[in-house]
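Take a look at the structure set out below.
The values are calculated or read from the model by the stated rules, or taken from the named source; none is laboratory data. Computed from a predicted model, the values in this text were never measured in an experiment. Every residue, glycine among them, receives a Cβ derived from its backbone with ideal geometry; neighbour counts consider all protein chains shown. The area values use the complete protein model at the heavy-atom level, side chains included, leaving out ligands, DNA and RNA. Shrake-Rupley method; radii C 1.70, N 1.55, O 1.52, S 1.80 Å.
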Amino acid sequence: MNWSNWIYLGAGIALGMLFSRLFVRWLRPKQASSNVLSSSSPVAPLDQEDMPPISQQLQQTQLAYQMAREMSQFKAGFLARTTHELRSPLNGLIGLHQLILSDLCEDPAEEREFIAQAQERTLKLLKLMDEILGVARIEHGMNKLDIQPRPLAQILEEVHNLTYMLAANRNFPLQLLPADPEIYVLADYLWLRQILISLIDTAITQMDEGSICISTSIPTSNFVNIWLDVPTHAILWSEPIDLIKSEDQPTQIYQQKAALSPGMRLLINQTLVEVMGGKLEILPSTIAKEPTQQLTRLQISIPLVIPEADLL
């Protein structure tokens with residue numbers, strides 16, 4: 001080994017020893033200060049305000065999960081109901097075609113009659129599909145609603161005029177309690193009127209006896225409630241939720257005329273009301289009637305239009 005290598009080796013060892021001593025001296029004061037702090041005053045726990053809002057975030061996450069789960073169940077229920085509604089008329093079409101293809105018709109005239117019945121049911125089925133598809137397009141924003149301030153009293157008066165004769169023909173009284181003409185709601189005029197007519201028409205169709213009362217509530221919390229008090233026995237839309245496992249009994253009644261069941265119409269109307277920013281609920285009625293007659297209240301909550309003068 002050359003003497004210059006020995007010089008470099010000695011210089012490296014000396015520098016290493018120097019840096020190690022400096023590192024030890026720098027480390028000892030930090031350890032001492034930390035020991036003093038730990039022995040004299042323990043570290044104070046963080047205040048609840050200084051801590052990150054983990055619990056609040058957890059609650060928000062749980063709420064979001066619950067809302068997403070309910071929405072998923074609603075969508076699944078809508079799909080199941082739609083499939084359930086269309087299955088009965090399809091079974092009727094299949095039955096007619098099987099009779100024709102199996103040569104079970106007595107003569108060509110009967111065969112033509114079956115073909116005509118199948119054609120009629122096909123057109124009715126297409127109408128039902130268009131109705132459901134139209135509501136789905138509105139829900140997803142593909143078809144826009146004409147939501148504007150509308151006088152509530154005028155809407156209810158037109159609904160009463162369009163449904164009064166239908167109730168009178170079956171000897172069912174239809175009462176309208178006048179609404180405040182100063183109340184304006186934010187809704188699609190045609191769709192809100194159609195929703196009310198659909199609910200009243202469905203109730204009249206299912207009624208055996210009793211009456212229907214249309215009224216409104218005092219506006220509160222930027223909403224006004226439209227109340228339809230109908231006999232409880234006319235509420236046939238309490239159908240099974242699990243329609244995949246249920247039988248076809250609810251829709252067999254409407255198979256001949258290929259009409260949507262009351263439960264499906266209620267779900268469609270509920271969807272339309274929610275698109276307009278409202279809510280459709282089924283509540284116990286508070287109107288005092290005869291003890292033998294039980295009433296159920298359909299409550300439609302619609303956004304209220306606040307006049308600009310009230311905002312000043």
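Of all residues in the range 267-284 being part of a strand (DSSP E or B) and of a type outside the set (A, V, I, L, M, F, W, C), which is surrounded by the fewest Cβ atoms within 10 Å (Cβ to Cβ)?
Going residue by residue through the range 267-284, those that are part of a strand (DSSP E or B) are 279-284.
Add one more test, that the residue is of a type outside the set (A, V, I, L, M, F, W, C), and what stays is 279, 281, 284.
On the way: Lys279: 14, Glu281: 12, Pro284: 9.
Applying the filter and picking the extreme gives Pro284.
Just to check your reading of the model, which residue among Pro89, Pro149 is touching a residue at least 24 places away in the same chain (Cβ under 8 Å) and crowded, with 17+ Cβ neighbours inside 10 Å? Quick ask: steps written out before the conclusion?
Working: Pro149 fails: crowded, with 17+ Cβ neighbours inside 10 Å.
Pro89 is the lone residue from the list that is touching a residue at least 24 places away in the same chain (Cβ under 8 Å) and crowded, with 17+ Cβ neighbours inside 10 Å.
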Worksheet, complete the sentence: Going through the range 209-220 in order, the residues found to be in a loop (DSSP other than H, G, I, E, B), open to solvent by 60 Å² or more (accessible area, probe 1.4 Å) and within 17 Å of Ile300 (Cβ to Cβ) are Ile218
Practice prompt. Sort out which residues of the range 152-166 are open to solvent by 10 Å² or more (accessible area, probe 1.4 Å), within 17 Å of Trp227 (Cβ to Cβ) and touching a strand residue (DSSP E or B) at 6+ places or on another chain (Cβ under 8 Å), and write them in order of number.
Written response: Glu157, His160
Worksheet, complete the sentence: Condition set open to solvent by less than 40 Å² (accessible area, probe 1.4 Å), in contact with a Lys or Arg (Cβ under 7 Å, 6 or more places away or on another chain) and in contact (Cβ under 8 Å) with a residue 60 or more places away in the chain, scope the range 172-208, selection farthest from Leu267 (Cα to Cα): answer is Val185
